[in-house]
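Notes follow once the structure below has been shown.
The values are calculated or read from the model by the stated rules, or taken from the named source; none is laboratory data. This is a predicted model, so every value here is computed, not measured. Cβ sites come from the backbone with ideal geometry, for glycine too, and all protein chains shown count toward neighbours. With ligands, DNA and RNA removed, areas are computed over all heavy atoms of the protein, side chains included. Shrake-Rupley method; radii C 1.70, N 1.55, O 1.52, S 1.80 Å.
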Amino acid sequence: MKFLCLHGAYGSAKNFQAQLGPFVDEVKGRDEYGFVWIDGIHETTPPDGFQDYFGAAPWHRHVKFEASNFLKRMRQFPQEQSAEDSMRYLLAGEQVIPAVSLTEALDRVFQILEDDPEIKGLIGYSEGCMIAASLIIEEQRRRKEHGTRRRIERAIFFAGWPPMTVADGQAQVVLSDASDAYIDIPTFHVIGCNDPYLNGSMSLYTTCDEDYAEMFDHGQGHTVPRDPRTMKELVTVLDKFLDRNQDFRFEDN
């Protein structure tokens, strides 16, 4: 299966390829894996003091970002009673992402899928998870409303964020306790128990069909694991997960 790889905020195709290097090396030689790397649409600059953290320039985002207090709240990420409550507190009613920017990012990925029919999977990291998850929800809507054939059959999420949809002209976060929308394909969630933004990953996980969702905890932070032992364990679990779900097919395609 060929995967489209979507980097995180302030990332790039080149930097994400380096981040996922140990993963790619571990699965090398398996015929079922292939990878496509893309830059986000918008060139940007990391917050002051974080340039070294995000790797070499140029840096990119998939969506524009318009929230004056969001970054302040991110630095003290709320730990509420549930992951969904934490996300609500973090967003606090702000329009973090303009609807037109989310639509632009999703349309671009749809065009990439149209141009490369072999892509049937998505790999996302952080903001890239949000784009991947949002695209799966949007695929469902387009299938229901327009009869469009669905393409994405598997997704791998590193340090996830929940999906968003456009409703009433605004981009809105999809949370499992407030929406009927959910991700119905096999999903593999790579989380870190020491991730300060763990509730972002968990609020993505709870939007997925629990019968087709698997979680792997690498025990670190908001990062892609790179040490050989952890990566070998991760890929072993992933292989078993994909084998269990190899017969999954869309019921409505």
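Applying the selection to the range 88-117, what residues are open to solvent by 60 Å² or more (accessible area, probe 1.4 Å), at pLDDT 90 or above and part of a loop (DSSP other than H, G, I, E, B)?
Listed by number, the list holds a single entry, PRO117.
Return the residues of the range 116-144 that are over 15 Å from the mean Cα position of the chain (by Cα) and either within 21 Å of LYS14 (Cα to Cα) or among the polar types (S, T, N, Q) (or both); say none if nothing qualifies.
Answer for the range 116-144, where residues must be over 15 Å from the mean Cα position of the chain (by Cα) and either within 21 Å of LYS14 (Cα to Cα) or among the polar types (S, T, N, Q) (or both): ASP116, ILE119, GLN140.
Taking the stated definitions as given, is ALA9 open to solvent by 60 Å² or more (accessible area, probe 1.4 Å) and either more than 21 Å from ARG151 (Cβ to Cβ) or not in a loop (DSSP other than H, G, I, E, B) (or both)?
Values: open to solvent by 60 Å² or more (accessible area, probe 1.4 Å): no; either more than 21 Å from ARG151 (Cβ to Cβ) or not in a loop (DSSP other than H, G, I, E, B) (or both): yes.
Answer is no for this residue.
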